[in-house]
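The values are calculated or read from the model by the stated rules, or taken from the named source; none is laboratory data. Treat the numbers as computed from the prediction; the structure is a model and nothing was measured. Neighbour counts run over all protein chains shown; Cβ positions are idealised from the backbone, glycine included. In case anyone asks, the SASA skips ligands and DNA or RNA and just uses the protein heavy atoms, side chains included. Shrake-Rupley method; radii C 1.70, N 1.55, O 1.52, S 1.80 Å.
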Amino acid sequence: MATTLRPRPAALNLTPSAHARIADLMSRAPDGAVGVKLSTPRRGCSGLAYSVDYVTEAKPFDERIDTPGGTLFVDGGSILYLVGSTMDWVEDDFTAGFVFQNPNAKGACGCGESFTV
């Protein structure tokens, strides 16, 4: 009996706006960058924050999400905090940045810089 594998769904969903922003970042990436990486370092009042940075190499346990404009890596140690989340890029008159709808977050600080799970 042969095992049938179905495509594994992405751990993180990206909106069209997030796809476009990743493409924009990669078009201006420094030499040697292979993509951008999302991680959740310990920071802020609530404990964890979202961080997006250029990366020059893929780590073995990082989740790889190929987008039309480049590759998004999700830190292997952060993936459990992010499964099922949606990543969006939002711009208005005063701010611009990635916004996350994270079903795993149990709370956030008042300034919106960090979250807790």
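Report, for the range 13-102, the % of DSSP beta bridges that are antiparallel, rounded to 5.
Of those bridges, close to 80 percent are antiparallel.
Just the accessible area per residue of the range 13-102, please: how many Å² with a 1.4 Å probe?
On a per-residue basis, 56 Å².
Counting other C-beta atoms within 10 Å, and keeping those with at most 16, which DSSP coil trypsin sites (Lys or Arg not before Pro) do you find in the range 1-74?
R28
Using a 7 Å offset from the Cα along the Cα-to-Cβ direction at both A11 and D93, what is the distance between the two label points in nm, to one decimal?
Simple spin-label model gives 4.0 nm for this pair.
Among the chymotrypsin sites (Phe, Trp or Tyr not before Pro) in the range 12-105, which ones are in a DSSP loop with at most 16 other Cβ atoms within 10 Å of the Cβ? Mind listing them?
Here the chymotrypsin sites (Phe, Trp or Tyr not before Pro) that fit, given the DSSP loop and packing criteria, are F61, F94.
Label points 7 Å out from Cα along the Cβ direction at T56 and A29: separation in nm?
Between T56 and A29, the simple spin-label model gives 1.4 nm.
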